[in-house]
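For reference, the structure discussed in these notes is given below.
The values are calculated or read from the model by the stated rules, or taken from the named source; none is laboratory data. None of the values given here were measured: they were computed from a predicted structure. All Cβ positions, even for glycine, are placed from backbone atoms using ideal geometry, and neighbour counts span all protein chains on display. Side chains are part of the model used for accessible areas, which takes the heavy atoms of the whole protein and leaves out ligands, DNA and RNA. Shrake-Rupley method; radii C 1.70, N 1.55, O 1.52, S 1.80 Å.
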Amino acid sequence: MTFKIIVCAKQVPDTNEIKIDPVTKTLVREGVPSILNPDDANALEEALKMKEQYADTHVTVITMGPPQAKDMLIECLAMGADEAILASDRALGGSDTWATSNALAAVIERLGGYDLIFAGRQAIDGDTAQVGPQIAEKLGIPQVTYVQECKIDHEMKNITVKRALEDGYEVIKIKTPCMLTAIKGLNKPRYMSIGGIFDSVKREKEIKTWGAKELGVDVDHEVGLDASPTNVYRSFTPLPKGKGIVIKADGQKETAQKLLVGLKSRHVI
């Protein structure tokens, strides 16, 4: 019996080339250099490690985005994924995390049958860490976030997870089917192999593209910018911080006095 793993991935803009649409206040993605989201690369790597360890494991990568996101899926195939699905439709454009999770949950349901879903902790273009957990909630499956270690038993039914916390970690046992979101410390993503690159280019035509109609989502109330409950008030690039001031004085007492004078002159205290 095939063990089916689904990996949710996202093509994100190169963080050195961020542009904001002045009207919609959303990220401009067309024409901007894009990469596979780093945390999603960790999620894919863990799925591929399971595929290597256990026979008859099938890895499917899914994403939502513009047509250019197919380039990222080709990269995932070159790394070792078996199948790739792209959800792409103008009606899906501008979706916030809630609407995005609606679309991706619809992709997963249309695929039919899965044992494990992997996703990155968060995407570097949003840093919300919401999509993975929202997908799990909509599918009605258990989830563990911030996964830094995981081990599945030979029966492919129980997974032991080490979850990162701010001040330590916790060990959790969870049964499949479930959702796990990966962090950077989980593993080191592999590079595409030469053979994988050649094979993935040949398999580009195998990548399925599904629109809103195929997914059966309500374009007025479930997906897209207008259906998204999150409203972006303003997006901007923070101004660079000024240089710090070094206080030079003889002894701690004189240093403290100069510091107090400086803070008072700037009305800080």
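Worth pointing out:
- Scan of region 120-140 for residues that are surrounded by fewer than 18 Cβ atoms within 10 Å (Cβ to Cβ), over 17 Å from PRO189 (Cβ atoms) and β-branched (Val, Ile, Thr), ordered by number: THR128
- Selection within region 151-196: residues that are part of a strand (DSSP E or B) and out of contact with any strand residue (DSSP E or B) (no Cβ under 7 Å at 6 or more places or on another chain). The member of this set that is least open to solvent (accessible area, probe 1.4 Å) is GLY168.
- Candidates THR255, THR209, filtered to the one that is outside any loop (DSSP other than H, G, I, E, B) and in contact with a strand residue (DSSP E or B) (Cβ under 7 Å, 6 or more places away or on another chain): THR209
- Selection count where residues are at positive phi and in contact with a strand residue (DSSP E or B) (Cβ under 7 Å, 6 or more places away or on another chain), scope region 130-150: 1
- Flag if SER200 is within 27 Å of THR97 (Cα to Cα) and among the polar types (S, T, N, Q): no
- Taking the criterion of being in a helix (DSSP H, G or I), of a type in the set (Val, Ile, Thr) and either within 25 Å of PHE3 (Cβ to Cβ) or in contact with a Cys (Cβ under 7 Å, 6 or more places away or on another chain) (or both), the residues of region 82-109 that qualify are VAL107, ILE108.
- Check on LYS162, over 22 Å from THR2 (Cα atoms), among the basic types (Lys, Arg) and either touching a helix residue (DSSP H, G or I) at 6+ places or on another chain (Cβ under 6 Å) or without any contact (Cβ under 8 Å) to a residue 40 or more places away in the chain (or both): yes
- Residue, nearest to the chain's Cα centre (by Cα), within region 5-31, restricted to residues that are at pLDDT below 95 and open to solvent by less than 10 Å² (accessible area, probe 1.4 Å): VAL12
- Test set (1) out of contact with any strand residue (DSSP E or B) (no Cβ under 6 Å at 6 or more places or on another chain); (2) within 27 Å of ALA103 (Cβ to Cβ); (3) surrounded by 15 or more Cβ atoms within 10 Å (Cβ to Cβ) - PRO229 fails condition number: (3)
- Residue match in region 110-128 (condition: farther than 30 Å from PRO229 by Cβ and at pLDDT below 95): yes
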